[in-house]
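The values are calculated or read from the model by the stated rules, or taken from the named source; none is laboratory data. A quick note: this is a predicted structure, and the numbers were derived from the prediction, not measured. Virtual Cβ from ideal backbone geometry, glycine too; neighbours counted across all protein chains shown.
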Amino acid sequence: MAYKPSSDKILFFTAGFLAIFGLVMVYSASSVKAASEHGMSSYFFLRQLAFAAIGLVLMYGVMKIDYRRWQNPRVLIPFLSLCVVLLLFVLTQPAINGAHRWLHFGSFGFQPSEFAKLAVLMFVAWFLHRYEGEINRFSRRLLPLGLAVGFFAVLIAVEPDLGQALCLCLIVTVLLFVAGLSWRYFLGAAALAIPAFYFFVVKVPYRWDRIQAFRNPFEDPMGTGWQITQSLIAVGSGGVTGLGLGASRQKLFYLPEASSDFLFAVIGEELGIIGTTLVVVAFLIYFLRGVRIALRARDRFGFYLALGITLMVALQALINISMVLALMPTKGIALPFMSQGGSSLWLNMLATGVLLNLSYQNKLAEAPG
């Protein structure tokens, strides 16, 4: 019988587990709010279920596309151009909670910045592959790459969504480090980061308030520290085994964004350390499988693309969990695959589809005969 390679099943089932677990927890965390606002406790759950079904179709479709096609300029340039147009257009839309992040189609909101991250990672992977060993040539290689990534980061930051912009820049920084970028450029970037922090964080009141709340959330628990203190109460209330699925008290309008950015807190409250550990282990497995796929990639484009996608998912999970546990200032970064919302879920499903194709192509290249 001829050898028939397949995609990484462990990665596939890990992503599926996170998405299904997320659906269960979204229902639990959003049921009270859904009943209050829409008269149906399953309202947000059914929306998320529809998003998950669409995401599964997208993941399956992308999984069937040879990942090398994404480096074709006839594919990559239109993808990047579309993201630029959408990122510019979203700035003309009405602000929601002070931010221009969503394009609305009826009751559905779509975030172009989510898909721009994937487009930028594909571009960076192509660039590092195309100019392998030349990244330390500042004016001809590093500067054009930096300007391109910086352009997208600025478009995302002015929405404003500084957290996503910084997350993107951090992923690219790691890829540049892996590509062999000289330490002097990292030191230069660190020096530039100091005045940037002053102007974009210290001089912006609501961002500085978040820093202050992070330093001591209990100094103003009814004001700037409310979200962090309620998150800590939720996690602390769960103990080892939790209060029980559906038994969260913090979702009763105490914890803001209980079904989205702070879903991990509800998991801790209802399922305790056992539930949160399960989530952390699942993300660790995803990270390790992603790195394994990257290391076995048949070319450098595949290596950088797989590593970038893996870092994107892992870094967002790390930031979200750290934020919930008050290890980082609060920021609107979703828990991958799990938080309520369609754009983030679709991005992660699409990105996983690319990883699954990479794993398939790796096995195909290694197949006997």
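Per-structure values
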quantity: Matching residues in region 234-256 - criterion: being in contact (Cβ under 8 Å) with a residue 40 or more places away in the chain and either buried (at least 19 other Cβ atoms within 10 Å of the Cβ) or closer than 20 Å to Ala19 by Cβ (or both); calculated: Val235, Leu245, Gly246, Ser248, Lys251
quantity: Ser231 touching a helix residue (DSSP H, G or I) at 6+ places or on another chain (Cβ under 6 Å), touching a residue at least 60 places away in the same chain (Cβ under 8 Å) and not basic (Lys, Arg); calculated: yes
quantity: Residue match in region 119-137 (condition: closer than 27 Å to Gln48 by Cα, surrounded by fewer than 18 Cβ atoms within 10 Å (Cβ to Cβ) and among the polar types (S, T, N, Q)); calculated: no
quantity: So Phe115, is it assigned to a helix (DSSP H, G or I) and either modelled with pLDDT of 95 or more or surrounded by fewer than 16 Cβ atoms within 10 Å (Cβ to Cβ) (or both); calculated: no
quantity: Output for region 322-361, where each listed residue is of a type in the set (Val, Ile, Thr) and either surrounded by fewer than 22 Cβ atoms within 10 Å (Cβ to Cβ) or over 27 Å from Val235 (Cβ atoms) (or both); calculated: Thr352, Val354
quantity: Residue in region 217-233 that is among the hydroxyl-bearing types (Ser, Thr, Tyr), closer than 18 Å to Gly150 by Cα and either modelled with pLDDT of 85 or more or part of a loop (DSSP other than H, G, I, E, B) (or both) present; calculated: no
quantity: From Gly163, Gly146, residue being part of a helix (DSSP H, G or I), crowded, with 18+ Cβ neighbours inside 10 Å and out of contact with any Leu (no Cβ under 6 Å at 6 or more places or on another chain); calculated: Gly163
quantity: Any pair with Cβ under 9 angstrom, 6 or more apart, that starts in region 102-118 at a residue that is touching a residue at least 24 places away in the same chain (Cβ under 8 Å) and ends at one that is aliphatic (A, V, I, L, M) and loosely packed, with under 15 Cβ neighbours inside 10 Å; calculated: Gly109/Ile96; Pro112/Leu82; Pro112/Val85; Phe115/Leu82
quantity: Filter result (surrounded by fewer than 19 Cβ atoms within 10 Å (Cβ to Cβ) and either of a type in the set (A, V, I, L, M, F, W, C) or touching a Leu at 6+ places or on another chain (Cβ under 6 Å) (or both)) within region 50-68; calculated: Ala50, Ala53, Ile54, Leu56, Val57, Leu58, Ile65
quantity: Of residues in region 173-214 being of a type in the set (A, V, I, L, M, F, W, C) and not in a helix (DSSP H, G or I), the one surrounded by the fewest Cβ atoms within 10 Å (Cβ to Cβ); calculated: Val204
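The rows are residues; the columns are (1) closer than 18 Å to Phe151 by Cβ; (2) of a type outside the set (Phe, Trp, Tyr); (3) modelled with pLDDT of 95 or more.
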{"position": "Leu91", "(1), (2), (3)": "yes, yes, no"}
{"position": "His100", "(1), (2), (3)": "yes, yes, no"}
{"position": "Phe105", "(1), (2), (3)": "no, no, no"}
{"position": "Val120", "(1), (2), (3)": "yes, yes, yes"}
{"position": "Phe123", "(1), (2), (3)": "yes, no, yes"}
